[in-house]
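A.B. asks: Provided herewith is a single structure, encoded as structure tokens, for subsequent inquiry.
The values are calculated or read from the model by the stated rules, or taken from the named source; none is laboratory data. The shown structure was predicted, so the numbers you read here are calculated from the model rather than taken from an experiment. Note that we place each Cβ from the backbone using ideal geometry, even for glycine, and neighbour counts take in every protein chain shown. Quick note on the areas: whole protein, heavy atoms, side chains included, nothing else; ligands and nucleic acids left out. Shrake-Rupley method; radii C 1.70, N 1.55, O 1.52, S 1.80 Å.
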Amino acid sequence: MVDMYSLLTMQGKMFLMLIVGFVLKKRNFVSEEGRQSLTNLLINLILPCNILYAFSKSDASALGSLFEIALMGAGLQLLWFFLSRFMWKKQPENRRGVLRYAFQFSNAGYLGNPVVEGLYGSDGLICASVYLLPVRIFMWGLGLECFHEGGSFRDVFRRTVTHPCVITTAVGVLWMLFPVEIPEFLYDTVYDFSQCLTPVTMLVIGCIMANVDYHDFFSKELLEITVLRLLIQPLLAFALCVLLHPDQLVAEVTTVLVAMPVANTTAILAARYDRDASFAGNVVVFTTLLSMFTIPLFGMLATRVFG
């Protein structure tokens, strides 16, 4: 269980780190190549070490909860996918794809892991890692359908099983089931890298925010997707948890992860597939800023009800 002081302290710390990243990028202390290098470092080293360390602190008794949260992640992704197919039909194709993708995928990977770890410790991070397994399958499979670039099943499968976080989660589950002692220097190295997750994550998000053109920032569609992503969807996930009565930690982690802002990959893929990249960047930045206030609210709501 977490209290309001802990939530606000963590959010204040993360917001300050975000501002540091924004300023560093604006002052050109971090180039675009440097920002991309930080992102690669985050995905390929820091986040996997963080996941692996979290699994090292748990045991096989958590398997029931992990199965529950995997089902929650898959079920919610199916729900978002089918709802998105009936929404924004009057929007131009280049913007409709951005809105659909933004609706389907939150920033549960980059931002969600450090938030959940800060709130619920290593057990919460393990739940978040397993929740993200079906999310990543949808993201690199059906998610790309939003941009009309779904690819073959073989491509989707390859992208999924070779993702560093998916590999590390599989290794972590095996380590949890069959614990083995590893040399202390190796364990300490994994731990030290894992502790970089929050600052590097927020620096990267701050750098991304610095690239956005704020001259044409607000629009009806931006406000609409913000309300859906930060309020309606977390409330639906919360209501589902109340209805299904999963494990307490599963319910709390699910609610918080769904309350995350729009995924950073929305802007990246919009640029890659020649969609409305400027609008996509605005959506990512605006929802990220507002989530600094809405995430603590849903964290407190989940704790009050499920705790």
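A.B. asks: Ignoring everything but the protein chains, give the 1.4 Å probe accessible area of I182 in square angstrom, nearest 10.
C.D. replies: Roughly 50 Å² of I182 is accessible to a 1.4 Å probe.
A.B. asks: Another question, if that's okay. Set the Förster radius R0 to 41 Å, insert the Cβ-Cβ distance between L244 and K90 as r into 1/(1 + (r/R0)^6), and round the FRET efficiency to 0.05. Walk me through the numbers on the way to the answer.
C.D. replies: On the way: r = 34 Å, r/R0 = 0.84.
My answer for the efficiency is 0.75.
A.B. asks: Ok, one more. Between F185 and S31, what is 0.36 nm times their sequence separation minus the Cα-Cα distance? Round to one decimal in nm.
C.D. replies: Values: separation 154, 0.36 × 154 = 55.44 nm, distance 3.35 nm.
Length gained, F185 through S31: 52.1 nm.
A.B. asks: Separate question: Just check the stretch 175-307 against the gyration tensor rule for me: Cα atoms, a ≥ b ≥ c as the square roots of the eigenvalues, rounded for a/c under 1.5, and otherwise prolate or oblate depending on whether a/b exceeds b/c.
C.D. replies: It comes out oblate by the Cα gyration axes.
A.B. asks: So what is the relative contact order of the stretch 24-137, in percent, for Cα pairs below 8 Å that sit 6 or more residues apart?
C.D. replies: Working: 69 pairs, mean separation 43.2, N = 114.
Relative contact order comes out at 38 percent.
A.B. asks: Give the lysines reachable from K13 as a straight Cα distance under 27 Å; neighbours fewer than 8 places away on the same chain don't count.
C.D. replies: K25, K26, K57
A.B. asks: Leaving out ligands and nucleic acids, and using a 1.4 Å probe, what accessible area per residue does the chain come to in Å²?
C.D. replies: Accessible area per residue, the chain: 45 Å².
A.B. asks: Also: Which lysines, on any chain, are close to K220 with Cα under 17 Å apart, when same-chain ones fewer than 8 places away are left out?
C.D. replies: K89, K90
A.B. asks: Carbon and sulfur: what percent of the chain's accessible surface (1.4 Å probe)?
C.D. replies: Exposed carbon and sulfur together represent 66 percent of the surface.
A.B. asks: Determine how large the accessible area of F298 is when every protein chain is in place; take a 1.4 Å probe and give Å² rounded to the nearest 10.
C.D. replies: Probe radius 1.4 Å; accessible area of F298 about 10 Å².
A.B. asks: How high is the FRET efficiency between L290 and R158 when r is their beta carbon distance and R₀ equals 41 Å, given to the nearest 0.05?
C.D. replies: Taking R0 as 41 Å, the efficiency between L290 and R158 is 0.70.
A.B. asks: Report the FRET efficiency, 1/(1 + (r/R0)^6), for L174 and L41, where r is their Cβ-Cβ distance and R0 is 30 Å, rounded to 0.05.
C.D. replies: Rounded to the nearest 0.05, the efficiency is 0.75.
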